[in-house]
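The structure appears right after this line, and notes come after that.
The values are calculated or read from the model by the stated rules, or taken from the named source; none is laboratory data. Everything numeric in this text was worked out from a predicted model, so none of it was measured. Reconstructed Cβ throughout: ideal geometry from the backbone, glycine too, with neighbour counts over all protein chains shown.
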Number of protein chains: 2
Amino acid sequence: MMVERIADPDDPRVEPYRFVRERDLVGRDGRFVAEGQVVIEVALARGRFPLESLLIADDRLAAQQALIARAEEKGVPVYAAAPVVMDAIAGFPIHRGLVAIGRRTAEPEARTLLAGLDGPAIVVGLVGIANHDNMGGIFRNAAAFGAAAVLIDGGSCDPLYRKAIRVSVGGALVVPFTRVGAAADLPALAAAAGFETLALTPAGDDVLARLDPPARSLVLLGAEGPGLPADLIATARGVRIPMADFDSLNVATTSGIVLHHLASRRDAGRG
Amino acid sequence: MMVERIADPDDPRVEPYRFVRERDLVGRDGRFVAEGQVVIEVALARGRFPLESLLIADDRLAAQQALIARAEEKGVPVYAAAPVVMDAIAGFPIHRGLVAIGRRTAEPEARTLLAGLDGPAIVVGLVGIANHDNMGGIFRNAAAFGAAAVLIDGGSCDPLYRKAIRVSVGGALVVPFTRVGAAADLPALAAAAGFETLALTPAGDDVLARLDPPARSLVLLGAEGPGLPADLIATARGVRIPMADFDSLNVATTSGIVLHHLASRRDAGRG
């Protein structure tokens, strides 16, 4: 194993790991942080973004030989440090003992991304999803049900924020996504690439469970509470999930329910 | 308004609000804590458990007159305190400015609970759900899709833990639940009341989206990772949610997907 030892928290090789939480707040200069074994395995095996390095606690080295070998195959440097040094680098206790730094790559134009998708495809459009747990949950579901891409409006948070990546179990590193300037542009962008836009809203005319979805669907999800803007709903096909007399569903759960329905119809068509 | 002023954090009327977090850890002597406007509205309007009192920050009184009137109708005392006193009582900052204490009532026998359910009904069985976020999310979905009851095994956490109630948006106060001694007893208990047991598992023979569910279903959900015990799966009908090559779904999301499917079939039968 070609693991490089880090003894000094100020070692310049681990500079990108310094003060992880503070950097969450100010942004990261084109880098992201991936934590934990499962997420890093996903990043190495299927991630769309290159990893720059891995930092592993000494006491995890023996258990992580397969992962380290995989990193080496891909030319990703692996650093090891005593847990106390690791915590000093990050500025807080790294209980998982395993962190990686990755590098963002340029996002494609939404138009280009959609045009590159052939045949039946499910794309998710996110409007005002400002909560990192929800963003992560949506990407986890998008990966689980094979969504082809996620389009994200300016009012939504960053899928490559540390917590969003963690909650997505790596889905945010796998499912292609890009930003769109304004949510209002989404239906026209979708239509130009042969997608029909479905807007999830309690006032929708179509009931999800009875919906025979278009082969190419853009599914719009808005934040709990405000939901999708009325003008956006007006330009799309409204779809609702009937509920008992109760507060609306969590938006990540909603994404799971919708993607399950669309994916099961898509895959039945393939079968 | 008959709001009682609390000026002293040691006032015995607010004793149950003292040291909220510490009590989370040691248990609460038959009481639970409900936080925030929406949860307390649900508790007052539809909760299965009596509220003992409400504690409101002075600066929220004007905005919460409807809720206070509702509490008074139900004979629930309302206390008001300056935010700084409220924080001193609870031992941490109560940002929502609105907390209630409720009292648990005795849980029915699972056998009695099931026998009391007439006609088509969906019951959820939880095995080893130890995470309060997941427990809360499951109860939120159970309420949203009108599940008739939730049966909880000894390895699962408490739905009336403060965070579980909050994440459930009050669903944990609405949907009837009870403990069962051993998860292994669930299928026989269900069968005795005319329920068929469905076990969600990646190895299930039935695909959820094509499942024509029994009118009376007990749906078993296990923790992410370990899943349901094999001996339990062996005594039930296995149901799977096909996924792309990716880590399994979050269990709360899974509950939403399953309950949506079962509820849409149940309600189509009613229509």
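Quick check: is even one residue across the range A:167-184 within 13 Å of chain B (Cβ to nearest Cβ) and more than 30 Å from residue A:102 (Cα to Cα)?
no
If you check every pair at least six apart or on different chains, which have Cβ atoms under 7 Å apart with a residue in the range B:242-260 that is more than 7 Å from every other protein chain (Cβ to nearest Cβ) and at negative phi first and a residue that is among the aromatic types (Phe, Trp, Tyr) and crowded, with 24+ Cβ neighbours inside 10 Å second?
Qualifying pairs under 7 Å: B:259/B:145.
Working only within the range B:133-148, note down all residues that are more than 9 Å from chain A (Cβ to nearest Cβ) and either charged (D, E, K, R) or not in a loop (DSSP other than H, G, I, E, B) (or both).
B:134, B:135, B:136, B:138, B:139, B:142 - these are the residues of the range B:133-148 that are more than 9 Å from chain A (Cβ to nearest Cβ) and either charged (D, E, K, R) or not in a loop (DSSP other than H, G, I, E, B) (or both).
Would you say residue B:214 is farther than 22 Å from residue B:156 by Cβ, in contact with an Asp or Glu (Cβ under 9 Å, 6 or more places away or on another chain) and away from chain A (no Cβ under 14 Å)?
yes
Yes/no per residue for (1) over 9 Å from the mean Cα position of the chain (by Cα); (2) without any contact (Cβ under 8 Å) to a residue 24 or more places away in the chain; (3) not assigned by TED's automatic domain parsing to the domain that holds residue B:51:
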site	(1), (2), (3)
B:118	yes, yes, yes
B:131	yes, no, yes
B:154	yes, no, yes
B:159	no, no, yes
B:169	no, no, yes
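Only residues that are over 18 Å from the mean Cα position of the chain (by Cα), free of Cβ contacts under 8 Å to residues at least 60 places away in the same chain and not in a helix (DSSP H, G or I): list them for the range A:95-116, please.
Answer for the range A:95-116, where residues must be over 18 Å from the mean Cα position of the chain (by Cα), free of Cβ contacts under 8 Å to residues at least 60 places away in the same chain and not in a helix (DSSP H, G or I): A:95, A:97, A:116.
So for the range B:204-212 (the condition being under 22 Å from the mean Cα position of the chain (by Cα), under 27 Å from residue A:122 (Cα atoms) and surrounded by fewer than 21 Cβ atoms within 10 Å (Cβ to Cβ)), does at least one residue qualify?
Just the residues of the range B:204-212 that are under 22 Å from the mean Cα position of the chain (by Cα), to begin with: none.
No, the conditions are met nowhere in the range B:204-212.
Regarding residue B:249, is this residue in a helix (DSSP H, G or I), within 23 Å of the chain's Cα centre (by Cα) and within 25 Å of residue A:143 (Cβ to Cβ)?
No, not satisfied.
Examine the range B:73-85 for a residue that is under 22 Å from residue B:168 (Cα atoms) and either assigned by TED's automatic domain parsing to the domain that holds residue B:157 or not in a loop (DSSP other than H, G, I, E, B) (or both), and state whether such a residue exists.
no
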